[in-house]
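One structure is given here, and the rest of the page talks about it.
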Amino acid sequence: MAKTLTQMAADIVAAQASHVSMSADEMDAALKKVFEVLSQIKALEEMPAEEAVDEKLARLRTTPMRSIKRNYVVNLEDGSKYKQLTAKTLAKFGLTAKEYRKKWGFPARQPLSAKSLSARRRKAAKALGLADKLAAARKAKSQTPGEKIAAPAKKKAAPAKKKAPRKRKKS
């Protein structure tokens with residue numbers, strides 16, 4: 001009779017606990033993590049042959065951060081390569097960038113673009129001084145109206161002198 005995923009997870013954690021002392025919380029966390037990984041493996045194994053993805057994509061799906069390469073990023077949904085995963089590309093799979101990051105375990109602020117593209121954008125932003133401008137804007141926004149440093153008042157132009165009417169020469 002085949003073991004269930006729960007039984008296999010319990011056996012794995014029990015074997016680990018026999019070599020390393022673990023608290024009850026650590027055992028609970030380890031059980032959940034092992035069960036989750038076993039479930040993912042089982043789901044990959046049970047895919048029909050038509051839908052089975054190649055071995056390389058399957059490895060990338062287990063470690064999604066490796067899908068972001070220097071010159072391209074691999075879409076973990078279909079295995080295609082892009083410079084950047086755009087909203088339009090992800091919409092084909094019914095996902096937003098936020099949902100894609102959550103599904104595959106990326107950090108919320110992880111750019112979904114090739115490393116070289118991110119580096120070029122970072123270099124351009126530094127050249128334009130965008131970081132300094134952003135810091136100044138945030139500082140100005142955080143200050144209350146009374147704290148803001150008043151800009152020097154513009155000097156009003158002196159009123160133009162009126163010319164005295166010309167006197168006509170008498171001939």
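The values are calculated or read from the model by the stated rules, or taken from the named source; none is laboratory data. Nothing here was measured: the structure is a model prediction, and the numbers come from that model. Every residue, glycine among them, receives a Cβ derived from its backbone with ideal geometry; neighbour counts consider all protein chains shown.
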Check your understanding: Among the residues of the range 75-110, how many are β-branched (V, I, T) and more than 15 Å from the chain's Cα centre (by Cα)?
Key -> 1
Check your understanding: Looking at K103, K81, which is the one that is over 24 Å from E36 (Cβ atoms) and out of contact with any Pro (no Cβ under 6 Å at 6 or more places or on another chain)?
Key -> K81
Review point. Among (1) at pLDDT 90 or above; (2) among the hydrophobic types (A, V, I, L, M, F, W, C); (3) not assigned by TED's automatic domain parsing to the domain that holds S118, which single condition is A9 missing?
Key: (1)
Review point. Given A58, A87, A91, which one is outside the structural domain of A119 (by TED's automatic domain parsing) and surrounded by fewer than 17 Cβ atoms within 10 Å (Cβ to Cβ)?
Key: A58
Review point. Looking at the range 21-44, which of the residues that are out of contact with any helix residue (DSSP H, G or I) (no Cβ under 8 Å at 6 or more places or on another chain) and of a type in the set (G, A, S) is farthest from K103 (Cα to Cα)?
Key: S21
Exercise for review: From the list V34, V74, V13, pick out the single residue that is touching a strand residue (DSSP E or B) at 6+ places or on another chain (Cβ under 8 Å) and surrounded by 15 or more Cβ atoms within 10 Å (Cβ to Cβ).
Suggested key: V74
**Study point:** R70 vs. criteria within 17 Å of the chain's Cα centre (by Cα) and either modelled with pLDDT of 90 or more or not aliphatic (A, V, I, L, M) (or both)
**Key:** yes
Point to revise | Among (1) surrounded by 10 or more Cβ atoms within 10 Å (Cβ to Cβ); (2) more than 18 Å from A114 (Cβ to Cβ); (3) under 27 Å from the mean Cα position of the chain (by Cα); (4) charged (D, E, K, R) - the single one E26 does not satisfy | key: (3)
Point to revise | Wholly enclosed helices (runs of 4 or more DSSP H) of the range 40-118 bearing at least 1 residues farther than 29 Å from L5 by Cβ and not hydrophobic (A, V, I, L, M, F, W, C) | key: 87-91, 97-104
Exercise for review: Of all residues in the range 74-104, count the ones that are under 15 Å from K115 (Cα atoms) and touching a Ser or Thr at 6+ places or on another chain (Cβ under 6 Å).
Suggested key: 2
Study note, to complete from the structure: In the range 52-88, residues that are of a type in the set (S, T, N, Q) and closer than 15 Å to K103 by Cβ total 4
